[in-house]
Amino acid sequence: MAGFEELSKGVIGGNQAKVKELTQRLIDEGAEPLEIINQGLIAGMSIVGARFKNGEMFVPEVLMSAKAMGSGLEIVKPMIADADMPSIGKVLLGTVKGDLHDIGKNLVGMMLESGGFTVINLGIDIAPEQFVAAIKEHNPDILAMSALLTTTMLHMKDTIELLKEEGLNDKVQVIVGGAPISQDFADEVGAAGFAPDAASAVELCKRLLN
Ligand code: B1M
């Protein structure tokens, strides 16, 4: 069916009105909701992720694309039973204690959602105890922590230590990211992975769950 490619282009261009119109047109023409999501919306967002990683697209454009994708999803979601919604894993996301930066974290959350993950975004200033309580409540596959300050990044270590104490380290894989974080730091604190940007975070989560 024609139209999926046009829909992905709408997502890539961050054009909410076009994405809404094309999504509705595809539904009217009898396209399956899951096809619209996979071959149109997610296909477009995957290209956005790759271009962002290569430096061909920048943060404001990616945010526009994520919003455009969201406006298409809003239309098709009610047509799909919750059990059929494609989710390839659950990610619990938050900025660590004492840290109020959330622009990059939210971008990571949007890209993960666009990549097919269920994301529970806890917000900012999340203490190790709050991460642990949320893991017990939501049972995620992955815990993704963000830190932008050299003073707060150490709370990632505290959280991983607390997970071990609580016997949760076998149940959830921890990944870390944010401007001051490196692969060396991730190794040092015992995280399962590090992602330097939002697109890499999606790739990393997919790799860890494979
Ligand atoms: Co702040 N700030 N800030 N700040 N701030 C920085 C981080 C800083 C580098 C600026 C500087 O001095 N050059 C500096 C940190 C120095 C350091 O520790 N080494 C700094 C400072 C010092 C401070 C304050 C202490 C300033 C003060 O009050 N004296 C204060 C601290 C407040 C607090 O958190 N307790 C503070 C406050 C703020 C604002 C509130 C004003 C605002 C935040 C608004 C908000 O987030 N809602 C702010 C901002 C905007 C910045 C800069 C300018 C931009 C950060 C940003 O959003 N970048 C920043 C300087 C800079 O980075 N140029 C700075 C865009 C974003 C898309 O990138 O967050 O790196 P980023 O996310 C990337 C990757 O890192 C990665 O993917 C994202 C997308 O590709 N990623 C992950 C991020 N999280 C991930 C999680 C993952 C995986 C990947 O999961 C595994």
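The values are calculated or read from the model by the stated rules, or taken from the named source; none is laboratory data. Everything numeric in this text was worked out from a predicted model, so none of it was measured. Ideal geometry is used to build each Cβ from the backbone, glycine not excepted, and the neighbour counts take in all protein chains shown.
Say we look at the stretch 95-129 and pick out the residues that are small (Gly, Ala, Ser) and at negative phi; which of these is modelled with the lowest pLDDT?
For the stretch 95-129, the residue satisfying everything is Ser114.
Please find, within the stretch 137-154, the residue that is surrounded by the most Cβ atoms within 10 Å (Cβ to Cβ) out of those that are within 12 Å of the ligand (Cβ to nearest atom) and under 19 Å from the mean Cα position of the chain (by Cα).
Applying the filter and picking the extreme gives Ser146.
Please count how many residues of the stretch 155-174 are surrounded by fewer than 22 Cβ atoms within 10 Å (Cβ to Cβ) and within 11 Å of the ligand (Cβ to nearest atom).
Selection size over the stretch 155-174: 1.
Suppose we filter Ile88, Ile80 for residues that are within 22 Å of Pro140 (Cα to Cα), out of contact with any Asp or Glu (no Cβ under 8 Å at 6 or more places or on another chain) and either more than 16 Å from the ligand (Cβ to nearest atom) or touching a residue at least 60 places away in the same chain (Cβ under 8 Å) (or both); which single one remains?
Ile88
Mind listing just one residue for me: the one in the stretch 103-122 that is within 6 Å of the ligand (Cβ to nearest atom) and buried (at least 18 other Cβ atoms within 10 Å of the Cβ) and, of those, nearest to the chain's Cα centre (by Cα)?
Val108
Quick one: which helices (runs of 4 or more DSSP H) lie wholly within the stretch 1-60 and hold at least 1 residues that are under 18 Å from the mean Cα position of the chain (by Cα)?
The helices (runs of 4 or more DSSP H) meeting that bar are 4-12, 43-53.
Looking only at the stretch 175-188, which residues are farther than 21 Å from Ser87 by Cα and crowded, with 21+ Cβ neighbours inside 10 Å?
Answer for the stretch 175-188, where residues must be farther than 21 Å from Ser87 by Cα and crowded, with 21+ Cβ neighbours inside 10 Å: Val176, Gly177, Gly178, Ile181.
Can Gly94 be described as more than 10 Å from the ligand (Cβ to nearest atom), surrounded by 18 or more Cβ atoms within 10 Å (Cβ to Cβ) and of a type outside the set (A, V, I, L, M, F, W, C)?
no
Quick one: what pairs do we get from the stretch 170-186, first residue within 13 Å of Leu149 (Cβ to Cβ), second among the aromatic types (Phe, Trp, Tyr), C-beta under 7 Å, 6+ apart or different chains?
So the pair list comes out as Ile181/Phe194.
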